[in-house]
Every structure is written in C-alpha cells, then in structure tokens.
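J.: Sharing a structure below in structure tokens format, with a few things to ask.
Each value in this text was obtained by applying a stated rule to the coordinates, not by laboratory testing. All figures in this text were calculated on a predicted structure; none of them were measured in a lab. Here the Cβ positions follow ideal geometry from the backbone for every residue, glycine too, while neighbour counts run over all protein chains shown.
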Amino acid sequence: MAQPRWYALYTRSRFEKKLMGELNNRQVEVFLPVREVLHRWKDRKKKIWAPLFPGYIFVNHIDTPENRYRVLNTPGAVRFVECAGRAEPVPEEQIMAIRRFLENDLAVDPYPYIQVGMQVEVIAGVLKGARGLLVEKRGKFRFIVQVDMIRQAASVEIAASDVKPI
C-alpha cells in the first residue's frame, strides 16, 4: 500500500491557521510552521504567531482523488503546488529539517529562495545531519533549508565550524 507523503497546499490569503483547524477536524495530518514575531500597530505592539511560509500549509496524505477532494473541498484551500500538472510531494527531509528548527527554539527567519550557494551538512549541535545552504547575512553565518516545491526557505544562525561541504 502507498505511504502518505507531504504535499504543499496554497491557501487563501491569511487562512493558514483556519485551514489547519478545518483539516485537523477532517482527520488530515497538517504541518503549519509558525514563528513568533513582534507585530506593530499604530497604537501598540504585540507578539503574534505568524506562518513561516505565508500562503502555504503542508498536508500529509496518500495522493488519491478522494483525498485530494477532501482537502481541496475545505474552505481556504486553493490548490496543491504542482509540477507538470501533478501535485509533487515535498521531500520528507525538508519537512523534518523545518520541524527541527522549530522544536529546538532556534530563531527562525523566512529567507528568500536561493538557487545558487554552497550545499552543506551540519556536523555538530541539535541540527546535526541536516543539509542545506550556508550564506552570510550581516556578518553572521546562516544555515538555510529550502522547500523546493513552494520556492521558500527558512534560515537560522549557525557557526561556520558546525558545517561541512557536501
């Protein structure tokens, strides 16, 4: 039997959290990476939880017409991220790397998708074994995990000595 795989799903603008709740009610496994940010209004500031990748949610299911219909028939769901007209699964290691960023309370920032750069593997610390890119941002090194299917990425600060080229 086929194994469930992760798929990226486009959402209506600012519907990520509502869609996650609706899909959970339908017994669909979802992953919505969020980060705490300081939001400023004219009269106040407040820390809120915002999606790391606005407009996207990840769904873990077996890709059948019935499952696609159940997901896409949920208010707020737009369509799956596709390649050549078919929903393409997101590699499990990219989902797991993002989860590890968040589970270890690292300061995660959205980062522009990078097509060129040095591929590295983390050799020490809580991210040991994770693969991604190493870039420099304001004089500090950042480790980046890219989610190719949605052309988005996330980054955390890292010591350059904790990574090795692949």
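J.: Only one residue in 51, 75 is out of contact with any Gly (no Cβ under 8 Å at 6 or more places or on another chain), touching a residue at least 24 places away in the same chain (Cβ under 8 Å) and surrounded by fewer than 17 Cβ atoms within 10 Å (Cβ to Cβ). Which one?
T.: 75
J.: Output the residue which, of all residues in the range 43-57 that are in a strand (DSSP E or B) and out of contact with any Asp or Glu (no Cβ under 9 Å at 6 or more places or on another chain), is nearest to residue 6 (Cα to Cα).
T.: Applying the filter and picking the extreme gives 46.
J.: Consider residue 19 carefully, then state whether it is in a strand (DSSP E or B) and farther than 16 Å from residue 149 by Cα.
T.: So residue 19 does not fit the description; no.
J.: Next question. Can you find even one residue in the range 61-72 that is in a strand (DSSP E or B) and surrounded by 10 or more Cβ atoms within 10 Å (Cβ to Cβ)?
T.: yes
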